[in-house]
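Report on the following structure.
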Amino acid sequence: MKRGRENGTLNYEEIMDALQHVDLAPEQIDEIYERFAEHGIRVIPDAAEESEPAQADEKHDEPEEEAAEAVDLSVPDNVSLDDPVRMYLKEIGRVPLLTAEEEVELAKRIEQGDEEARRKLVEANLRLVVSIAKRYVGRGMPLLDLIQEGNLGLIKAVEKFEYRKGFKFSTYATWWIRQAITRAIADQARTIRIPVHMVETINKLMRVSRSLLQELGREPTAEEIAERMDMTPERVREIQRMAQEPVSLETPIGEEEDSHLGDFIEDSDAPAPAEAASFTMLREQLEGVLETLTPREEKVLRLRFGLDDGRARTLEEVGQVFGVTRERIRQIEAKALRKLRHPSRSKKLKDFLE
């Protein structure tokens, strides 16, 4: 707010950065715009948007209807379009645009419950949704899904728009469209959901990282990013870890795609083949040695050392099983171990201890 009062303007990126840790309710968005109006702060597009030819419509010396026509319905080259998307873009390009007076007139009719006016105001601004949605391509959702989510935000903006406050509808709607798209990306684009405010933080970090890459000619370090973002290197590394996308172990590998990623990832918990074979042989030899003891001695050792289920019992617990004292169990155990130490038995196990 302080920056807005000093400059008289704020762009969307500045607002989003300031509110990235706040999950706003619909009513609070209206309150924010009211506060901006009270302090004479005008909301303008991002600097990056103003620099693009597609956004030449924001220049103040152009009539509003001409500016709206300049909204670019093209999409980045790396985005593949199927027929439904092409048909949709072509269709909304035919919808006539509205002047400021027509927007106010439609808003008045909407206030009186005119559904036809609501439909016209929505359709006349569908190209604005496309212009915003295409900026979020590459963040985990197809372009058509981004447009659909943005359209939901546009419909909400039409419902909430109050013409008496003097806001330009496209300025007001942009906030709702952006919020709808960013929430959808946070909720749907990732296998593991990331909160909305963290999505904005990740996006800001990516922008800073790309900017430093161009300046330095190499990948920036966490320390360099931290200095630019005014945070600690540890926090930068934490955000970078959050930004990583999970990869399916079933991802096909190779030209013929007959192998999967999981086939090439070592299981650090699994024993090596040689160790597994050695363990199996040791167990077989141990079983053979135990069979040379009396049944009682064998069972006492199995219970005391957890040879069957992995849980070692106390002298007290084993005594309860046999109905004798713990001292008697200690004696049986000591006698059985002395037998196992005899060379006739121990030599079968010594090779596994080397």
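If you check Q112 against the conditions, is it of a type outside the set (D, E, K, R) and more than 23 Å from H197 (Cβ to Cβ)?
Yes, satisfied.
Would a scan of region 137-150 turn up a residue that is part of a helix (DSSP H, G or I) and exposed (fewer than 13 other Cβ atoms within 10 Å of the Cβ)?
No, because not a single residue in region 137-150 is part of a helix (DSSP H, G or I) and exposed (fewer than 13 other Cβ atoms within 10 Å of the Cβ).
Could you grab me the full set of residues in region 181-197 that are modelled with pLDDT of 75 or more and small (G, A, S)?
If the condition is that a residue be modelled with pLDDT of 75 or more and small (G, A, S), then A184, A186 are the ones that fit.
Tell me which of these T191 doesn't satisfy, since it passes every other one: (1) polar (S, T, N, Q); (2) surrounded by 15 or more Cβ atoms within 10 Å (Cβ to Cβ); (3) not in a helix (DSSP H, G or I).
(2)
Scan (1) within 26 Å of M141 (Cα to Cα); (2) touching an Asp or Glu at 6+ places or on another chain (Cβ under 6 Å); (3) touching a residue at least 60 places away in the same chain (Cβ under 8 Å); (4) not polar (S, T, N, Q) for the single condition Y172 breaks and write down its number.
(2)
One line per residue, one yes/no per condition, for (1) more than 30 Å from E38 (Cβ to Cβ); (2) under 22 Å from the mean Cα position of the chain (by Cα); (3) basic (K, R); (4) outside the structural domain of E102 (by TED's automatic domain parsing):
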| residue | (1), (2), (3), (4) |
| --- | --- |
| I147 | yes, yes, no, no |
| L152 | no, yes, no, no |
| A157 | no, no, no, no |
| E162 | no, no, no, no |
| K168 | no, no, yes, no |
| T171 | no, no, no, no |
| T174 | no, no, no, no |
| I177 | no, yes, no, no |
| T182 | no, yes, no, no |
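Quick one: would you say R178 is within 24 Å of V236 (Cα to Cα) and of a type outside the set (S, T, N, Q)?
no
Within region 258-279, does at least one residue satisfy the condition of being within 30 Å of M198 (Cβ to Cβ), among the small types (G, A, S) and out of contact with any Ser or Thr (no Cβ under 6 Å at 6 or more places or on another chain)?
yes
What are the residues in region 178-188 that are of a type in the set (K, R) and either surrounded by fewer than 18 Cβ atoms within 10 Å (Cβ to Cβ) or in a loop (DSSP other than H, G, I, E, B) (or both), if any?
R183
State whether the residues of region 212-231 include one that is over 23 Å from Q112 (Cα atoms) and in contact (Cβ under 8 Å) with a residue 24 or more places away in the chain.
yes
When you scan region 151-177, how many residues do you find that are surrounded by fewer than 21 Cβ atoms within 10 Å (Cβ to Cβ), more than 18 Å from A117 (Cβ to Cβ) and modelled with pLDDT of 85 or more?
1
So which of L205, L128 ends up being of a type outside the set (G, A, S), under 21 Å from G93 (Cα atoms) and part of a helix (DSSP H, G or I)?
L128
Of the residues G323, G319, G306, which is in the same structural domain as S278 (by TED's automatic domain parsing), surrounded by 10 or more Cβ atoms within 10 Å (Cβ to Cβ) and either farther than 24 Å from E275 by Cα or touching a residue at least 24 places away in the same chain (Cβ under 8 Å) (or both)?
So the residue among G323, G319, G306 that is in the same structural domain as S278 (by TED's automatic domain parsing), surrounded by 10 or more Cβ atoms within 10 Å (Cβ to Cβ) and either farther than 24 Å from E275 by Cα or touching a residue at least 24 places away in the same chain (Cβ under 8 Å) (or both) is G319.
The values are calculated or read from the model by the stated rules, or taken from the named source; none is laboratory data. Keep in mind it's a predicted model, so treat the numbers as computed, not measured. Neighbour counts run over all protein chains shown; Cβ positions are idealised from the backbone, glycine included.
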